[in-house]
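The values are calculated or read from the model by the stated rules, or taken from the named source; none is laboratory data. Values in this document were obtained by computation on a predicted structure and should not be read as measured data. FYI the Cβ positions are ideal-geometry reconstructions off the backbone, even for glycines, and counts take in every protein chain you see. For the accessible areas, the whole protein counts, side chains as well, though only heavy atoms, and no ligand, DNA or RNA atoms are used. Shrake-Rupley method; radii C 1.70, N 1.55, O 1.52, S 1.80 Å.
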Amino acid sequence: MSPACRRCVRRRTKCHYSTKPGETESHALSRRYNELLDRAKSHEEILDLLKTLPDQDAQDVLKRIRSGADITTILSHINTGDVLLQMAVSPETRYRYEFPYKTEMPEDYIPDNPYLDSLIYEAASLYSAGRLPARLESSTASRIANLGSDEYQNLYLKPFHAAQVVDAQLADVKLSTWTTVCNDDTLMRDLLGVFFRCEYHFTAAFQKDLFLEDLATHREDFCSSLLVNVLLGYSCVCSPRLSNRAEYWNPQTLLYRFIAEAKRLWELEASEPRITTIQAGILFNVFHNLCGLDEIGQAYRIQAIALAHKLRLFDSTVEVQSERIRQGRAFAAWALFNWETLVGFSFVFSPLLKQPPSWHLPDPTENAPWYGEIWVKYPLSHRLFPSYFGQVLKARSQFRVIMNEFCQAAYSEDSEINLNKAYELLSRLETWFQRLPGPLQPKTIVLPGHLQLHMYYSHLILTIFEPLLDQKTDREPSPHQIVADAKKHLQTLVRLYYLRHGFEAMDLFIVIPLMLAGSDCIDAIGAKTPAKKLETLRSTLLLVAKGLYNQRRNHYLAEALYRVIRGRMRPLEVALLREAMT
C-alpha cells in the first residue's frame with residue numbers, strides 16, 4: 001500500500017502520485033509525453049480511416065466512437081479481425097510471399113521460359129534484392145518503369161484476394177427472398193462477392209449479369225431458389241469469414257444448410273427442363289468434387305446434360321422469345337460443354353458432349369456485356385479494374401474444344417493417341433496459344449484465372465505426350481523436349497501464382513496443377529538424384545505441399561490430396577516440410 005500525504009489523510013481521499021514506484025519526475029514527464037503521442041497517433045489513424053473508408057463502413061466506425069468506445073480498442077478490433085474494415089488498412093504491396101524452402105527461382109527454369117519475362121515475375125521481385133538470378137537483374141531493372149502506373153501497381157503488386165468485387169446490381173439485392181436458410185442479406189451479398197472474385201472465373205455456370213438482374217427483379221428466366229441456394233452453399237467455401245467452411249458434413253454450418261435446402265429443391269425440380277436447373281446441376285457437380293464426393297456428383301452432371309438436350313440448348317437455330325433469352329441459352333450451353341469437357345479430362349473418360357455448341361462466341365473487345373465483366377477495386381485505389389473475364393471465357397472455350405477432341409481420341413473404346421494425332425493437337429494448341437489476346441499473353445498474365453488457363457495448357461500437352469515418350473521419331477521438338485518444357489512451364493506458373501497471390505484464398509482449380517507438379521517431383525526424387533536437381537525438386541515439392549495444406553482450410557479435396565502427397569514423401573522431405581511450415 002502506497003503512503004499518503006498529510007493533506008490527503010486529512011481529507012480522507014486517495015493520494016495520487018504523478019510518478020510510478022521507482023520513477024523520477026523527469027521519467028514520469030517523458031512517459032506522459034509518449035502516452036500523449038500514442039494517443040494522438042491513434043486519433044490520426046482513425047481520422048485517416050474515416051477519410052478513406054466507404055461511406056457505410058465509415059458510419060460504422062463513427063457509431064463506435066460516439067457510443068464511447070475507446071479509440072485504441074476500435075483500432076485494435078479493426079487490425080485484428082474486423083473483416084469489413086480490414087481491407088481499408090493500407091496493405092503491404094511489396095513482395096509478400098516467400099518460397100518455403102529455397103527463396104530463389106531455380107536456375108533450370110530460366111532458359112527459354114516466356115513466363116520469367118513476365119511483369120508478374122518482375123513485380124514479385126521488385127522489392128526483393130537478390131531474388132532474380134544475376135543474368136536477369138539488369139534487364140529487369142530497365143523494365144521496372146513499366147510498373148509505374150496505378151493499374152500496374154494494383155494488378156501486379158497486390159494479391160487478387162485483397163480486391164473486392166464492385167457490382168451495382170449486387171449491392172442492394174435481397175437474397176433472403178430466394179432462400180429460407182438465412183435472412184442476413186449483407187452476409188449473403190458478401191458471400192456472392194467473394195465467389196465472383198475467385199471461383200466464378202473458372203466455373204462460370206451462369207451469366208452473372210442476367211442472374212443478378214433476375215435476382216433483383218424476381219424474374220425466373222435465369223434465377224431460381226434452387227440455383228441461389230446451391231450457389232450460396234458453394235460460396236461458403238470461398239469465404240474466409242467462415243472458419244468451418246470445409247466441414248461439408250457438419251449440420252451446424254451455413255454451408256450444410258444451404259446445400260441441404262438446394263438438394264430438397266433439386267428433388268422437386270430435377271425433371272423440369274429449365275436453364276437454371278441445368279446450371280444448378282453444374283454447381284452441384286463442382287461442389288461434390290471439392291468435397292471428394294465425385295461419384296455422387298456425377299448424377300447431377302448427367303441430369304444437367306439430359307435436361308439440356310430436352311431444351312435443345314446447343315442448337316442456335318431454335319426460335320426464342322428475345323435476344324436476352326438467346327444470350328442466356330448460348331452462355332449456358334458453352335458453360336455446360338466446358339464443364340463436361342474438363343470433367344472428362346480430369347476423370348479420364350470420353351465426354352458425353354461430343355460437339356461444341358453451335359452458338360457463336362462474340363469478340364469480348366466488341367461485345368463485353370455479352371460475357372459480363374467482373375470489376376474489382378483494390379484497397380486504397382480510387383478506380384475499378386477489369387478482370388478480363390470475357391477474354392478468359394472465350395479463350396477457355398476455344399481451348400476446351402481441343403481438349404474435348406483429345407478426350408474422345410484418347411479415352412474412347414478402341415481408340416488411342418498416336419504420334420501423328422499428338423503433333424496435330426500440339427499444332428492446334430500452339431496456334432491457340434499464339435492468338436491469345438493481350439491480357440492473356442505470357443508477358444501480361446497476372447490474375448489467378450489467367451494463370452490457370454496457362455497451367456491447363458501445359459497440363460494438356462503433358463497428358464498428350466507423356467504416354468508417347470518411348471516412341472521413336474525424327475520430329476522436332478521431340479516428345480521428350482515437349483514434355484520437359486511443359487513441366488518446366490507448369491512448375492514456373494505454380495511458383496508465379498504463389499509469389500503474387502499465395503495459396504490461402506479459395507481456389508479449387510489450383511489443386512490439380514499442384515498435385516501434378518508434386519507427383520512429378522516425388523517420382524523424380526531418388527537416392528541417385530544429383531544434389532542440384534534434388535534441391536530444385538525439393539523446393540517445388542515443399543511449395544506444392546504448402547499449397548495443398550493451405551487449401552485444406554477451404555475444402556476437403558485439398559485435405560485428401562495433401563495426405564496423399566505427404567504420404568508419398570520420404571522421411572527426409574517430410575522433416576524439411578515440417579521445418580518449413582513452422
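Where in the range 507-573 are there helices (runs of 4 or more DSSP H), lying wholly inside it, with at least 2 residues that are exposed (fewer than 15 other Cβ atoms within 10 Å of the Cβ) and not polar (S, T, N, Q)?
It comes to 531-551, 556-568.
Being within 21 Å of residue 112 (Cβ to Cβ), open to solvent by 10 Å² or more (accessible area, probe 1.4 Å) and in a helix (DSSP H, G or I) is the filter here, so list the residues in the range 427-452 that pass it.
Scanning the range 427-452 gives 427, 430, 431, 432, 433, 434.
Between a first residue in the range 343-371 that is within 17 Å of residue 404 (Cα to Cα) and a second residue that is open to solvent by less than 90 Å² (accessible area, probe 1.4 Å) and among the acidic types (Asp, Glu), which pairs have beta carbons less than 8 Å apart while being 6 or more apart in sequence or on different chains?
Going by the 8 Å Cβ cut-off, the qualifying pairs are 347/294; 351/340; 352/340; 353/340; 358/315.
Only one residue in 201, 218 is open to solvent by 10 Å² or more (accessible area, probe 1.4 Å), in contact with a helix residue (DSSP H, G or I) (Cβ under 8 Å, 6 or more places away or on another chain) and on the phi > 0 side of the Ramachandran plot. Which one?
None of the other options fit; the residue is 218.
Output the residues belonging to the range 453-483 that are out of contact with any helix residue (DSSP H, G or I) (no Cβ under 9 Å at 6 or more places or on another chain) and open to solvent by less than 10 Å² (accessible area, probe 1.4 Å).
none
Restricting to the range 323-362, name every residue that is open to solvent by less than 30 Å² (accessible area, probe 1.4 Å) and among the acidic types (Asp, Glu).
340
Can you work out which of the residues in the range 239-282 that are part of a helix (DSSP H, G or I), over 16 Å from residue 506 (Cβ atoms) and aromatic (Phe, Trp, Tyr) is least open to solvent (accessible area, probe 1.4 Å)?
Once the filter is applied, the top-ranked residue is 266.
Can you name every residue in the range 306-322 that is open to solvent by 30 Å² or more (accessible area, probe 1.4 Å) and in a helix (DSSP H, G or I)?
306, 309, 310, 311, listed by residue number.
Checking the structure you have, find out if any residue of the range 399-418 is within 21 Å of the chain's Cα centre (by Cα), of a type in the set (Ser, Thr, Tyr) and open to solvent by 20 Å² or more (accessible area, probe 1.4 Å).
Checking the range 399-418: not a single residue is within 21 Å of the chain's Cα centre (by Cα), of a type in the set (Ser, Thr, Tyr) and open to solvent by 20 Å² or more (accessible area, probe 1.4 Å).
Can you find a residue in the range 283-305 that is surrounded by 19 or more Cβ atoms within 10 Å (Cβ to Cβ), touching a Lys or Arg at 6+ places or on another chain (Cβ under 6 Å) and in a helix (DSSP H, G or I)?
Yes, the range 283-305 contains at least one residue that is surrounded by 19 or more Cβ atoms within 10 Å (Cβ to Cβ), touching a Lys or Arg at 6+ places or on another chain (Cβ under 6 Å) and in a helix (DSSP H, G or I).
Mind telling me which of the residues 210, 232 ends up being without any contact (Cβ under 8 Å) to a residue 60 or more places away in the chain, buried (at least 19 other Cβ atoms within 10 Å of the Cβ), under 19 Å from residue 178 (Cα atoms) and touching a Cys at 6+ places or on another chain (Cβ under 9 Å)?
That would be 232, the only listed residue that is without any contact (Cβ under 8 Å) to a residue 60 or more places away in the chain, buried (at least 19 other Cβ atoms within 10 Å of the Cβ), under 19 Å from residue 178 (Cα atoms) and touching a Cys at 6+ places or on another chain (Cβ under 9 Å).
Of all the residues that make up the range 163-192, how many are in a helix (DSSP H, G or I) and either over 19 Å from residue 385 (Cα atoms) or modelled with pLDDT of 90 or more (or both)?
Selection size over the range 163-192: 14.
Out of the range 484-497, which residues are open to solvent by less than 10 Å² (accessible area, probe 1.4 Å) and farther than 11 Å from residue 115 by Cβ?
Selection gives 486 alone.
Which numbered condition trips up residue 391, out of (1) within 26 Å of the chain's Cα centre (by Cα); (2) not charged (D, E, K, R); (3) not in a helix (DSSP H, G or I)?
Unmet for residue 391, out of (1) within 26 Å of the chain's Cα centre (by Cα); (2) not charged (D, E, K, R); (3) not in a helix (DSSP H, G or I): (3).
Taking the range 86-114 as the region of interest, how many residues are among the polar types (S, T, N, Q), part of a loop (DSSP other than H, G, I, E, B) and at pLDDT below 90?
Adding up the residues that qualify gives 3.
Could you tell me whether the range 376-389 includes any residue that is open to solvent by less than 10 Å² (accessible area, probe 1.4 Å), among the β-branched types (Val, Ile, Thr) and in contact (Cβ under 8 Å) with a residue 40 or more places away in the chain?
yes
Looking at the range 222-236 only, could you name the residues that are of a type outside the set (Ser, Thr, Tyr) and more than 11 Å from residue 277 (Cα to Cα)?
Those that are of a type outside the set (Ser, Thr, Tyr) and more than 11 Å from residue 277 (Cα to Cα): 229, 231, 232, 233, 236.
For the range 39-60, which positions are surrounded by 11 or more Cβ atoms within 10 Å (Cβ to Cβ), modelled with pLDDT under 75 and in a helix (DSSP H, G or I)?
Residues satisfying the conditions are 48, 49, 52, 57, 58, 59, 60.
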